[in-house]
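Report on the structure given below.
Readers should treat all values here as calculations from the given coordinates under stated rules, not as data from a laboratory. Keep in mind the model is a prediction, meaning the values are calculated, not measured. Using ideal geometry, Cβ is built from the backbone for each residue, glycine included, and neighbour counts are taken over all protein chains shown.
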Amino acid sequence: MKVTQISSFIENRPGRLHAACAALAAKGVNIHTLSLADTREFGILRLIVADPAAAKAALEGAGYIAKFTDVVAVEVPDDAGGLSRILAHVDAAGLNIEYMYAFSTTVGEHAIVIIRFTDADRAVAELQQRGVNVIEPVKLLAQ
Amino acid sequence: MMLRENWNDVGQGFHPVSAPDYLPTAQLHELQLRRLKAIVARAYENVPLFRERMDERGLTPASIESLADLAKLPFTIKTDLRDTYPFGLFASPMSEVVRLHASSGTTGKPIVVAYTQEDLQVWASAMLRTFASAGIHRGDIVQNAYGYGLFTGGLGAHYGLEAIGATVVPTSGGNSDRQIMLMRDFGVTGISCTPSYFLHLIERAQELGVDLRELPLRVGVFGAEPWSDGMRERIEEGAGIKAYDIYGLSEITGPGVGAECSAQNGLHIFEDHFYPEIINPETLEVLPDGEEGELVLTTLSKRAMPMIRYRTRDITRIITEPCSCGRTIRRIDRIRRRSDDMFIIRGVNVFPSQIETALLAVEGTLPHYRIILTRSKGLDQMGVEVEVSAELFSDQVRAMEELHHRLAHSIERITGIRAGLRLVEPHTIPRSEGKARRVWDERNS
């Protein structure tokens with residue numbers, strides 16, 4: 001049920017993000033969702049793509065670091081308080097969130113958030129047990 | 001000083017093997033001359049490169065009639081070892097060579113050194129005298145965290161410790177948490193490793209809630225890299241121990257060429273085996289004792305690989321005053337710089353090797369890096385760029401910021417200079433052919 005995220009180290013200087021995206025484009029990798037965490041000196045690019053192995057090869061071929069991390073795609077009811085209710089379950093299960101970002105499109109009637117938990121396996125089990133809908137990669141990426 | 005029965009007690013006489021440390025000078029000179037004549041003859045007869053250079057100068061072993069005649073002999077330099085790689089400078093047939101060591105070889109081919117059975121005995125005795133100088137004795141439990149293997153540090157220290165009768169814990173380098181656990185559980189009283197690694201252990205112990213000052217640990221024997229008096233203070237205060245500097249290099253034997261005594265004021269050279277000269281590195285003239293210059297060493301008893309007038313590139317001076325410890329063998333000042341790769345920033349001598357050590361201390365692997373020196377508003381700045389490798393990278397900002405902080409802190413701890421550290425993408429630092437270029441000095445451009 002986990003989703004494979006690609007992350008990469010990007011120096012905070014003009015052209016570096018473009019060059020990374022160009023490397024992916026050249027290999028026909030379509031980016032489903034992107035998040036860029038930035039500091040003064042560098043950024044960490046995180047991507048959800050249909051073919052993580054191809055994305056990793058494309059980035060590494062262009063001299064970038066590419067690392068796989070397991071993240072969890074969680075369905076969020078698209079109404080006021082939807083995300084809050086999900087996070088209440090996360091708290092109740094004692095799960096630790098490292099970071100999260102919104103998936104760019106909805107799946108059916110629902111919004112999706114991508115969450116990097118400290119322990120992805122435990123997060124999937126706990127959330128499912130509490131009736132939270134964890135989206136399978138196949139469904140997430142079949143857009 | 002009299003040899004006493006109870007040499008095992010600190011401050012109560014000396015170990016019998018340390019006797020040459022206290023030889024009357026005339027007797028020492030006689031021994032040195034006898035050994036010098038024999039080693040020059042051995043090298044002349046067995047090492048073609050040395051023989052050629054002697055012949056060019058019209059010299060034969062008979063040209064050595066006094067210790068001062070050493071100055072007539074040709075120098076040996078590091079390139080000679082590379083040019084004759086691997087076995088070209090050996091003076092013994094392989095059937096008599098019982099051990100090989102080699103440098104890490106940052107420039108391609110490593111430096112290879114060889115030992116006969118007798119050479120290993122001399123080396124162990126020199127290391128025994130090294131540890132004895134630091135007050136280590138039978139009954140001590142000594143953790144040896146120098147790397148074991150091709151590097152001379154681990155095995156060199158190991159055999160010296162066994163010879164003195166201490167209990168050796170051969171942990172080799174790395175796995176800091178286990179080092180600290182064993183140090184505590186075994187009641188370790190002495191440690192030998194590089195000073196930067198021990199600083200790292202002090203910090204790691206603090207993180208683990210272990211106070212080294214409360215353990216039986218009382219003495220550390222540190223070498224293999226230049227370290228400052230400031231580092232000594234931090235080590236002695238941080239761990240509640242006495243920290244002794246030792247000196248050596250693989251080309252001569254490994255560790256065990258010289259060592260500090262209880263006076264901690266210069267390193268005694270075991271000059272009955274390793275004869276020191278100080279030269280002006282430009283004119284190559286021999287300088288009188290007391291003057292600063294490049295240390296040149298001649299192995300007086302090495303059989304497998306005699307080194308005649310080996311230029312160490314280390315800058316120091318021979319201390320002329322007698323030492324308060326009673327040893328008669330001469331001392332050199334602590335090595336603070338080398339003649340080839342050092343740079344000075346804000347009046348502080350810094351070696352690229354120190355930056356290397358600082359980076360290594362953080363993750364245990366050496367990332368690609370470069371040092372950029374700039375001048376801004378009249379003030380020198382040291383910038384260090386470190387390439388982020390797949391091993392160093394994390395998808396979490398916090399982890400990357402912690403890495404940045406640990407690297408910067410480690411550099412400041414070891415050099416005393418606050419560096420502007422930048423994490424950069426892989427393959428962005430220019431690679432050079434041959435020896436890696438580490439320093440970009442842009443202060444005058």
Checklist entry - If the chain between B:Glu402 and B:Glu236 were fully stretched, how many nm would it gain, using 0.36 nm times the residue separation less the Cα-Cα distance? => result 57.1 nm
Next on the checklist: Run the numbers for B:Ala68 and B:Ala263: contour at 0.36 nm per residue of separation, minus the present Cα-Cα distance, in nm.
Outcome noted: 67.2 nm
Checklist outcome for this item: By the Cα gyration tensor axes a ≥ b ≥ c (a/c under 1.5 gives rounded; else a/b larger than b/c gives prolate, otherwise oblate), the shape of segment A:54-105 is prolate
Checklist entry - Expressed as an acute angle from 0 to 90° and rounded to the nearest 10, what is the orientation of the C-alpha long axis of helix B:229-239 relative to the principal long axis of chain B? => result 70
Checklist entry - Given Cα pairs under 8 Å that are at least 6 residues apart, what percent is the relative contact order of chain B? => result 13
Item to check | Electrostatic dipole magnitude of the protein assembly as shown [Cβ: Lys, Arg +1; Asp, Glu -1; Cα centre; debye, to 20] | outcome: 680
Checklist entry - Taking the alpha-carbon centroid of each part, what is the distance from segment A:67-143 to segment B:37-110 in angstrom? => result 70
Next on the checklist: With the cut-off at 1.5 for a/c, could you classify chain B from its C-alpha gyration tensor as rounded, prolate or oblate?
Outcome noted: oblate
Checklist outcome for this item: Out of A:Gly82, A:Tyr64, A:Ile44 - ranked by how far each Cα lies towards the positive end of the dipole of segment A:41-94, with unit charges on the beta-carbon of charged residues - the top one is A:Tyr64
Checklist entry - Counting only residues 5 or more places away or on other chains, whose amide H sits under 5 Å from the amide H of B:Leu249 once H atoms are built in the peptide plane? => result B:Gly254, B:Val257
Checklist entry - When the helix-only estimate is applied to the protein assembly as shown (DSSP H runs of n ≥ 4, each -39,500 (n - 2.57), divided by the residue count), what is the mean residue ellipticity at 222 nm, nearest 500 deg cm²/dmol? => result -9500 deg cm²/dmol
Item to check | Net charge dipole size for segment A:70-141 [Lys, Arg +1 and Asp, Glu -1 on Cβ; Debye, nearest 20] | outcome: 20
Checklist entry - With a ≥ b ≥ c the root eigenvalues of the C-alpha gyration tensor of the protein assembly as shown, is it rounded (a/c under 1.5), prolate (a/b larger than b/c) or oblate? => result prolate
Checklist outcome for this item: segment B:343-441: relative contact order from alpha carbon pairs under 8 Å, six or more residues apart, as a whole percent, is 34
Checklist entry - Pairing the Cα long axis of helix B:152-164 with the longest principal axis of chain B, what angle in degrees results, from 0 to 90 and rounded to the nearest 10? => result 60
Next on the checklist: With the crude spin-label approximation of a point 7 Å out along Cα→Cβ, what separation in nm comes out for B:Arg346 versus B:Val439?
Outcome noted: 1.7
Checklist entry - When the Cα centres of segment A:15-52 and segment B:126-202 are compared, how far apart do they sit, in Å? => result 48
Checklist entry - So for the pair B:Thr283, B:Ala390, with labels modelled 7 Å out along Cα→Cβ, what separation do we get in nm? => result 5.7
Checklist entry - Could you give the distance between the Cα centres of segment B:365-390 and segment B:215-273, to the whole Å? => result 29
Checklist entry - Under a 5 Å amide H to amide H cut-off, with H placed in plane at 1.01 Å, what residues pair with B:Arg309 once short-range neighbours are removed? => result B:Thr298, B:Thr299
Checklist entry - Given a Förster radius of 51 Å and the C-beta distance between B:Arg418 and B:Ala41 as r, what FRET efficiency does 1/(1 + (r/R0)^6) yield to the nearest 0.05? => result 0.40
Checklist entry - By how many degrees, 0 to 90 and rounded to 10, does the Cα axis of helix B:25-46 deviate from the longest principal axis of chain B? => result 90
Checklist outcome for this item: Counting only DSSP beta bridges with both partners in the protein assembly as shown, the antiparallel fraction in percent, to the nearest 5, comes to 75
Item to check | Loop-resident sites, segment B:355-411, for GluC sites (Glu not before Pro), counting at most 14 other Cβ within 10 Å (DSSP) | outcome: B:Glu391
Checklist entry - Which residues make up the longest stretch of chain B that has no trypsin sites (Lys or Arg not before Pro) in a DSSP loop with at most 16 other Cβ atoms within 10 Å? => result B:139-335
Item to check | In order through segment A:10-27: 3J(HN,Hα) via Karplus (6.51 cos²θ - 1.76 cosθ + 1.60), integer Hz, x for Gly, Pro | outcome: 10, 5, 7, 8, x, x, 6, 5, 4, 4, 5, 5, 5, 4, 5, 4, 4, 9
Checklist entry - Charges only on Cβ, +1 for Lys and Arg, -1 for Asp and Glu: so what's the dipole of segment B:245-288 about the Cα centre, in debye to the nearest 20? => result 120
Checklist entry - Say each of B:His29 and B:Ser95 gets a label point 7 Å from the Cα, pointing the same way as Cα to Cβ; how far apart are those two points in nm? => result 4.2
Item to check | segment B:401-406 - phi-based ³J(HN,Hα) in whole Hz, Karplus 6.51/-1.76/1.60, Gly and Pro as x | outcome: 5, 5, 4, 4, 5, 5
